[in-house]
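The values are calculated or read from the model by the stated rules, or taken from the named source; none is laboratory data. What you see is a predicted model; the values in this text were computed from it and never measured. In this analysis, Cβ positions are derived from the backbone assuming ideal geometry, glycine residues included, and neighbour counts consider all displayed protein chains. For the accessible areas, the whole protein counts, side chains as well, though only heavy atoms, and no ligand, DNA or RNA atoms are used. Shrake-Rupley method; radii C 1.70, N 1.55, O 1.52, S 1.80 Å.
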Amino acid sequence: MVGGLADWFAVTALFRYPLGIPIPHTAIIPRKKDQIGESLASFVQQNFLTQTVVGERLAAAEIPRRAGEWLMTAGARDPGLPARPSRCCRAASSMLRDDEIRHGHSWLC
């Protein structure tokens, strides 16, 4: 019984004041939610979204090989399909300016 009450108090104290009593060091999550969110975002960015980690994941996904295999398989069913990605790439490349690519603007990185 004592353990159950202790557990209830501990969990309740994280989110609100137990029994509505403003005991110090309770209701921590609502009071510090912005700080907790910023800390969590920073942690994820520094540990999971680094250029090295994302690059390794993209390389391991073998996207060009898998896309090529899919196009060959789907292209057998729809002969016009393999030409569509090249048209999309051509249209996308026409929207990019050479000077933006050469200077490595942040939106490209």
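See the values below:
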read-out: 0 to 90° range, to nearest 10: angle between helix 51-61 axis and the chain longest Cα axis; value: 60
read-out: Gained length - residue 58 relative to residue 42, 0.36 nm times residue gap less alpha-carbon distance; value: 3.6 nm
read-out: Label-point separation in nm, residue 72 to residue 25, each point 7 Å along Cα→Cβ; value: 6.4
read-out: Folded to 0 to 90 degrees: helix 63-77 orientation relative to the chain principal axis, Cα; value: 60
read-out: 1.4 Å probe accessible area per residue over the range 1-84, in Å²; value: 83
read-out: Estimated dipole of the chain in Debye, rounded to 20 [Cβ of Lys and Arg +1, of Asp and Glu -1, Cα centre]; value: 240
read-out: Stretchable slack from residue 84 to residue 97, in nm (0.36 nm times residue separation minus alpha-carbon distance); value: 2.4 nm
